[in-house]
Amino acid sequence: MATLAQPVKGPMRPNIASADIQLPAVRDFEQVDNEIAATLGPSKGWFLGLALSVAAMLVGAGAWTYQIYDGLGHAGYVPPVMWGVYIITFVFWVGIGHAGTLISAILYLFRAGFRTTIYRVSEAMTVFAVMTAGLFPIIHIGRPWKFFWLIPYPNWRLLWSNFKSPLVWDVFAISTYLTISTTFLYIGLIPDIAVLRDREQNPTRRLILSILSLGWRNTDVEWRNFTKAYLFLAAFSTPLVLSVHSVVSFDFAMALTPGWHATIFPPYFVAGAIFSGFAMVWTIAIPMRKWWRLEHYITLNHLDATAKVVLFTSLVVGSAYLIEFFIAWYSGVEVEQSYFWNRVFGQWWWSAWIMLICNMALPMSLWSQKLRRNPTWLFILSIFINIGMWYERFVIVVPSLSHEFEPWQWTNYLPSWVDVAFIIGSFGWFFMWFLLFVRQLPVMAIMEIKEIVPARRKHAAVHGHGGAH
Amino acid sequence: MAYGVVANFRELDAVVEAVGALKKASVGKFTVYSPTIHHELEDAIGGGTSKVRRFTLIGGLLGASFGYWVSIWTSEYWPLVVGGKAIASWIPYTIIGFEMMVMVGALSTVFGMFILNGIPRIVVDPAYRAPFSHGDYGIHVDCAPDQESAAMDLLKKAGASEVQRAR
């Protein structure tokens with residue numbers, strides 16, 4: 001099931017095509033099991049990371065408690081800027097959640113070999129990012145206990161949700177995405193949990209792993225149905241991942257607000273989501289491969305391939321920024337022109353230039369093969385892209401609302417300490433789940449890596465690259 | 001309770017050879033265990049196409065129908081009359097129809113895989129060995145007691161590293 005192209009002919013060149021990526025330093029199945037299972041051991045660094053994440057999460061939880069007790073007035077909203085950090089951070093985390101499904105589903109269907117060792121960590125990242133994103137609309141509505149009103153359910157007043165509202169579309173899109181991403185992650189994990197079950201000595205842990213593995217036995221019938229189910233899940237997830245951020249973009253594009261009412265929003269949002277999601281994969285995977293000495297699994301060729309995706313999506317996002325300016329000028333609508341001038345050279349110049357430098361200028365360094373294969377630079381760049389993409393959403397939300405049609409409505413906006421606490425809390429919440437995941441379950445797909453590794457044979461292999469082809 | 005014999009194999013080509021020999025000899029139904037997917041092995045077994053796709057199709061159609069139905073029915077039931085706009089508008093409702101198609105279709109795919117694989121499995125498979133998830137391959141031949149010796153000989157000849165009775 002691992003995605004493989006034809007075997008590499010001749011020596012591996014450093015700038016090898018993505019689909020030809022192999023793992024020459026991984027010799028056999030036992031090595032795969034032993035090295036990936038070794039990542040599950042406890043360490044001081046893990047406890048420290050978890051403690052910091054929980055502390056950050058408590059900052060956010062404290063701010064939420066305070067806001068529920070004392071009201072939404074603490075959120076820093078200044079009419080008419082009634083969407084602020086909460087919606088910005090919601091869109092940011094939904095975007096982060098896109099790379100996981102792109103890597104696990106879309107790249108699977110495209111047979112892109114570089115996905116095999118990074119897709120598990122990306123899928124887990126997706127699930128936790130969407131869990132984080134899902135909190136923000138609930139925080140934003142001010143009375144979170146009424147959230148269930150958005151869900152259509154039979155009730156004695158015979159009231160139903162308005163299916164023409166983008167907010168209801170969001171509920172359907174995000175909940176479907178969370179459900180399917182979690183299912184996809186779990187289905188891929190079942191054979192790997194069976195590996196852990198069979199290695200486990202502790203009876204309690206073995207029992208838990210037995211339940212989670214559902215009694216998986218690696219039979220031919222199980223693999224046949226598993227492969228087909230995985231393929232269909234990938235086929236469903238592919239349009240789903242593209243639809244989710246399109247639906248999120250409709251939250252903006254369906255309004256007449258200057259800067260929002262644009263038909264390019266769905267592809268612009270999807271490209272931005274993939275761009276930011278890959279950056280977060282670097283933020284997580286680059287330290288991970290170093291700490292657990294997994295450089296021979298996530299090789300420089302893998303990083304090189306992901307860097308090309310980032311470079312491409314940066315060009316798409318950059319083009320979208322420029323097209324927005326062009327359309328504002330070309331449309332001849334004065335309100336649009338005034339808004340875009342104010343965005344880049346007026347009141348919000350600083351945020352727009354953070355966005356343009358981080359998302360358009362710095363990723364151009366990836367034209368250099370040397371930098372694409374430099375993990376330290378990729379990690380630093382990933383931090384800049386994460387910041388740049390948060391600011392992209394800031395630039396979309398705040399400058400539009402603060403500079404609408406009527407000049408007397410024009411205003412300023414500054415996030416309050418409660419807003420900042422929620423941002424810190426969201427990172428704490430995300431990394432807390434992620435760290436708990438990597439401690440308990442394999443961060444790489446054992447079963448799929450075994451597909452790449454040449455199988456043992458009595459006679460020399462005729463295919464030259466093992467049994468999986 | 002499983003009967004027959006179970007064999008461990010260290011090499012992929014050995015298990016492929018054993019599968020071919022078992023099919024020729026017709027000593028009984030057999031199950032092959034493999035730590036990962038190998039198309040070479042899959043081709044040797046020749047198990048046919050999985051029926052999971054039927055669950056996917058039915059689930060997808062049901063989900064899409066439900067998505068459109070719930071949005072159209074509720075709009076007609078409690079009409080929001082805005083100017084000359086349609087009360088039930090299929091364009092925005094396509095989002096609901098699409099999301100429900102994906103949700104129900106994907107979950108029914110998983111359900112189908114569970115049904116066809118017989119999981120969650122609460123009964124221990126006596127033929128299963130822990131090395132089958134680690135690095136070894138395995139074959140369990142479910143045969144009558146009088147055919148066990150023939151099956152054991154066949155598996156050993158193909159290159160099995162260990163052959164036992166599955167009890």
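The values are calculated or read from the model by the stated rules, or taken from the named source; none is laboratory data. All of these numbers come straight from a predicted model, not from anything done at the bench. In this analysis, Cβ positions are derived from the backbone assuming ideal geometry, glycine residues included, and neighbour counts consider all displayed protein chains. The protein model used for the area step is the full one, side chains on, heavy atoms only, and it has no ligands, DNA or RNA in it. Shrake-Rupley method; radii C 1.70, N 1.55, O 1.52, S 1.80 Å.
Results for (1) away from every other protein chain (no Cβ under 14 Å); (2) under 26 Å from A:V32 (Cα atoms); (3) buried (at least 16 other Cβ atoms within 10 Å of the Cβ), shown as yes or no for each residue.
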| residue | (1), (2), (3) |
| --- | --- |
| A:T411 | yes, no, no |
| A:I424 | yes, no, yes |
| A:W429 | yes, no, yes |
| A:M432 | yes, no, yes |
| A:F437 | yes, yes, yes |
| A:L441 | yes, yes, yes |
| A:I449 | no, yes, yes |
| A:P454 | no, yes, yes |
| A:H459 | no, yes, no |
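Against the definition (assigned to a helix (DSSP H, G or I) and farther than 23 Å from B:P92 by Cα), how does A:F148 come out, yes or no? It is false that A:F148 is assigned to a helix (DSSP H, G or I) and farther than 23 Å from B:P92 by Cα.
Taking the criterion of being among the basic types (K, R) and either crowded, with 24+ Cβ neighbours inside 10 Å or modelled with pLDDT under 90 (or both), the only residue of region A:188-247 that qualifies is A:R217.
Looking at region A:74-87, can you tell me whether even one residue there is of a type outside the set (A, V, I, L, M) and open to solvent by less than 10 Å² (accessible area, probe 1.4 Å)? Yes, region A:74-87 has at least one match. From the list A:R289, A:R343, A:R293, the lone residue that is under 18 Å from A:M444 (Cβ atoms) and buried (at least 20 other Cβ atoms within 10 Å of the Cβ) is A:R289.
Residues in region B:108-119 that are within 7 Å of chain A (Cβ to nearest Cβ) and open to solvent by 40 Å² or more (accessible area, probe 1.4 Å): B:L116 only.
Sub-7 Å Cβ pairs linking a first residue in region A:46-74 that is in contact (Cβ under 8 Å) with a residue 12 or more places away in the chain to a second residue that is of a type in the set (S, T, N, Q), at least 6 apart or interchain, are A:G60/A:S426; A:H74/A:Q67; A:H74/A:S416, ordered by first then second residue.
For region A:135-152, filtered to residues that are of a type outside the set (D, E, K, R) and open to solvent by 80 Å² or more (accessible area, probe 1.4 Å), the residue that is nearest to B:P79 (Cα to Cα) is A:W149.
For region B:21-71, residues that are more than 19 Å from the chain's Cα centre (by Cα), more than 18 Å from A:D220 (Cα to Cα) and charged (D, E, K, R) total 1.
Within region A:156-174, not a single residue is over 26 Å from A:L72 (Cβ atoms), out of contact with any Pro (no Cβ under 6 Å at 6 or more places or on another chain), of a type outside the set (A, V, I, L, M, F, W, C) and part of a helix (DSSP H, G or I).
The listed residues are A:V281, A:V317, A:V335, A:V310, and the only one of them that is closer than 30 Å to A:F47 by Cβ, of a type in the set (V, I, T) and either touching a Gly at 6+ places or on another chain (Cβ under 6 Å) or in contact (Cβ under 8 Å) with a residue 40 or more places away in the chain (or both) turns out to be A:V281. Tell me, please, whether a residue that is more than 9 Å from every other protein chain (Cβ to nearest Cβ), assigned to a helix (DSSP H, G or I) and open to solvent by less than 60 Å² (accessible area, probe 1.4 Å) can be found in region B:51-63. Yes, because at least one residue in region B:51-63 is more than 9 Å from every other protein chain (Cβ to nearest Cβ), assigned to a helix (DSSP H, G or I) and open to solvent by less than 60 Å² (accessible area, probe 1.4 Å).
Within region A:378-414, which residues are over 21 Å from A:V248 (Cβ atoms) and of a type in the set (V, I, T)? Selection gives A:I380, A:I383, A:T411. Of the residues making up region B:120-141, those that are assigned to a helix (DSSP H, G or I) and either more than 7 Å from every other protein chain (Cβ to nearest Cβ) or open to solvent by less than 10 Å² (accessible area, probe 1.4 Å) (or both) are B:P131, B:F132, B:S133. Please determine whether any residue of region B:103-120 is at pLDDT below 90, more than 30 Å from B:T56 (Cα to Cα) and hydrophobic (A, V, I, L, M, F, W, C). So far as region B:103-120 goes, no, none of its residues is at pLDDT below 90, more than 30 Å from B:T56 (Cα to Cα) and hydrophobic (A, V, I, L, M, F, W, C). Given the structure, is B:G28 in contact (Cβ under 8 Å) with a residue 40 or more places away in the chain, more than 10 Å from chain A (Cβ to nearest Cβ), on the phi > 0 side of the Ramachandran plot and crowded, with 20+ Cβ neighbours inside 10 Å? It is false that B:G28 is in contact (Cβ under 8 Å) with a residue 40 or more places away in the chain, more than 10 Å from chain A (Cβ to nearest Cβ), on the phi > 0 side of the Ramachandran plot and crowded, with 20+ Cβ neighbours inside 10 Å.
Could you tell me whether region A:400-408 includes any residue that is part of a helix (DSSP H, G or I), within 25 Å of A:A320 (Cα to Cα) and of a type outside the set (S, T, N, Q)? The answer is yes, given that some residue of region A:400-408 is part of a helix (DSSP H, G or I), within 25 Å of A:A320 (Cα to Cα) and of a type outside the set (S, T, N, Q).
Remark: pairs (first residue in region B:1-21, away from chain A (no Cβ under 12 Å) and open to solvent by less than 10 Å² (accessible area, probe 1.4 Å); second residue of a type in the set (D, E, K, R) and in a helix (DSSP H, G or I); Cβ separation under 7 Å; 6+ apart in sequence or on different chains) = B:G4/B:E148; B:V5/B:E148. Among the residues making up region A:191-210, those that are among the aliphatic types (A, V, I, L, M) and within 8 Å of another protein chain (Cβ to nearest Cβ) are A:A194, A:V195.
Scanning region B:143-167 for residues that are more than 29 Å from A:R27 (Cα to Cα), outside any helix (DSSP H, G or I) and open to solvent by 80 Å² or more (accessible area, probe 1.4 Å) turns up B:R165, B:R167. Take region A:71-93 and flag every residue that is assigned to a helix (DSSP H, G or I) and in contact with a Gly (Cβ under 6 Å, 6 or more places away or on another chain). Once the filter is applied, which keeps residues that are assigned to a helix (DSSP H, G or I) and in contact with a Gly (Cβ under 6 Å, 6 or more places away or on another chain), region A:71-93 yields only A:L72.
Looking for something in contact (Cβ under 8 Å) with a residue 60 or more places away in the chain, more than 10 Å from chain A (Cβ to nearest Cβ) and in a loop (DSSP other than H, G, I, E, B) - is there at least one such residue anywhere in region B:78-94? So far as region B:78-94 goes, no, none of its residues is in contact (Cβ under 8 Å) with a residue 60 or more places away in the chain, more than 10 Å from chain A (Cβ to nearest Cβ) and in a loop (DSSP other than H, G, I, E, B).
Here is a yes/no grid of residues against (1) crowded, with 18+ Cβ neighbours inside 10 Å; (2) at pLDDT 90 or above; (3) within 14 Å of chain B (Cβ to nearest Cβ); (4) in a loop (DSSP other than H, G, I, E, B):
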{"site": "A:K9", "(1), (2), (3), (4)": "no, no, no, yes"}
{"site": "A:R13", "(1), (2), (3), (4)": "no, no, no, yes"}
{"site": "A:V26", "(1), (2), (3), (4)": "yes, no, yes, yes"}
{"site": "A:I36", "(1), (2), (3), (4)": "yes, yes, yes, no"}
{"site": "A:S53", "(1), (2), (3), (4)": "yes, yes, no, no"}
{"site": "A:G62", "(1), (2), (3), (4)": "no, yes, no, no"}
{"site": "A:Y69", "(1), (2), (3), (4)": "no, yes, no, no"}
{"site": "A:G95", "(1), (2), (3), (4)": "yes, yes, no, no"}
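Name the residues in region A:38-51 that are among the small types (G, A, S) and either at pLDDT 95 or above or open to solvent by less than 40 Å² (accessible area, probe 1.4 Å) (or both), would you? Answer for region A:38-51, where residues must be among the small types (G, A, S) and either at pLDDT 95 or above or open to solvent by less than 40 Å² (accessible area, probe 1.4 Å) (or both): A:G41, A:G49, A:A51.
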